[in-house]
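Here is the structure we will look at.
The values are calculated or read from the model by the stated rules, or taken from the named source; none is laboratory data. Treat the numbers as computed from the prediction; the structure is a model and nothing was measured. Quick reminder, even Gly has a Cβ in these numbers, built from the backbone with ideal geometry, and neighbours come from all protein chains shown. SASA here: full protein model, heavy atoms, side chains in, ligands and nucleic acids out. Shrake-Rupley method; radii C 1.70, N 1.55, O 1.52, S 1.80 Å.
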Amino acid sequence: TGSSMDIKTCRIVARCPELKGAEERIEELGKLIKPVIYWADMPVELAGDRLVLPGDDRMEFESIYLAQGIEGARRVTIMAATIGGRLPQYSSACMGAGRHWEGTVADLLGSSAVEIVTDDFFRFLEREYSAKGLYPTLRYSPGYGDWDLKDQKRIIDLLNTEPDIRINGNYILEPVKSVTALVGWSGKPVKQSYPEGNRSKGLCSGEHTCSSCITWA
């Protein structure tokens, strides 16, 4: 785990242009951000449409989307990241008090910050693994494609993230500005595009939502 990261205002605004003009307030609200990352590195096996993490804590994730995405990977890194609960709580309090502009700024700041934290950690891992001759897949998270959102609980339990990151009865992470993700590491460069749907297996109905689907086309 780690709890120190430089999230500059210019990076926030570049990621979220809606925040342009709120830089001064972002500087103050940024003090409420307390990043924490949990992660585990382990070997991986693929068994058809299942991703298998062997060992004492053997775990299986059943997902065509995920299996296609990390095909060829030797190892995986599973991670959970959060910016803490203070900023989301502040945003909710502002909304409840009718201070909608400040509440919205805090909410957008939180969404951008947790993505920057995750991206920065991924880049750190990429540098570490490149020295070992390994290349990253794209990142995958429960709830996308056919990877069941319920698997977020299994990730949280595996990484033992409480009290920093918890999960509620609907499998939603708490604090809300938190993410879980998995990335594979392969001995050769991996195509940087997300898998396509597979109608024959009933995972993609081919309906009108396809035009707005960026990870499961």
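See the values below:
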quantity: Restricting the stretch 109-130 to residues that are over 17 Å from the mean Cα position of the chain (by Cα) and not charged (D, E, K, R), the residue that is most open to solvent (accessible area, probe 1.4 Å); calculated: Ser130
quantity: Test: residue in the stretch 143-157 that is open to solvent by less than 20 Å² (accessible area, probe 1.4 Å), under 19 Å from Gln192 (Cα atoms) and in a strand (DSSP E or B); calculated: no
quantity: Residue match in the stretch 158-168 (condition: of a type in the set (Asp, Glu), farther than 23 Å from Lys31 by Cα and open to solvent by 70 Å² or more (accessible area, probe 1.4 Å)); calculated: no
quantity: Conditions (1) part of a helix (DSSP H, G or I); (2) modelled with pLDDT of 90 or more; number of the one not met by Ile12; calculated: (2)
quantity: Residue that is most open to solvent (accessible area, probe 1.4 Å) [pool: residues in the stretch 35-86 that are touching a helix residue (DSSP H, G or I) at 6+ places or on another chain (Cβ under 7 Å) and small (Gly, Ala, Ser)]; calculated: Ala40
quantity: Residue in the stretch 82-90 that is closer than 15 Å to Lys177 by Cα and part of a strand (DSSP E or B) present; calculated: yes
quantity: Cross-chain or 6+ apart pairs with Cβ under 7 Å, the stretch 99-119 first and over 15 Å from Val36 (Cβ atoms) and without any contact (Cβ under 8 Å) to a residue 40 or more places away in the chain, then open to solvent by 30 Å² or more (accessible area, probe 1.4 Å) and among the hydrophobic types (A, V, I, L, M, F, W, C); calculated: Gly103/Met95
quantity: Residue within the stretch 12-20 that is touching a strand residue (DSSP E or B) at 6+ places or on another chain (Cβ under 6 Å), of a type outside the set (Phe, Trp, Tyr) and more than 28 Å from Glu162 (Cβ to Cβ) present; calculated: no
quantity: Meets criteria (surrounded by fewer than 17 Cβ atoms within 10 Å (Cβ to Cβ) and either of a type outside the set (Lys, Arg) or touching an Asp or Glu at 6+ places or on another chain (Cβ under 7 Å) (or both)) for Ala106; calculated: no
quantity: Leu173 at pLDDT 95 or above and open to solvent by less than 60 Å² (accessible area, probe 1.4 Å); calculated: yes
quantity: Condition check for Tyr65: within 22 Å of the chain's Cα centre (by Cα), in a helix (DSSP H, G or I) and over 20 Å from Ile156 (Cα atoms); calculated: yes
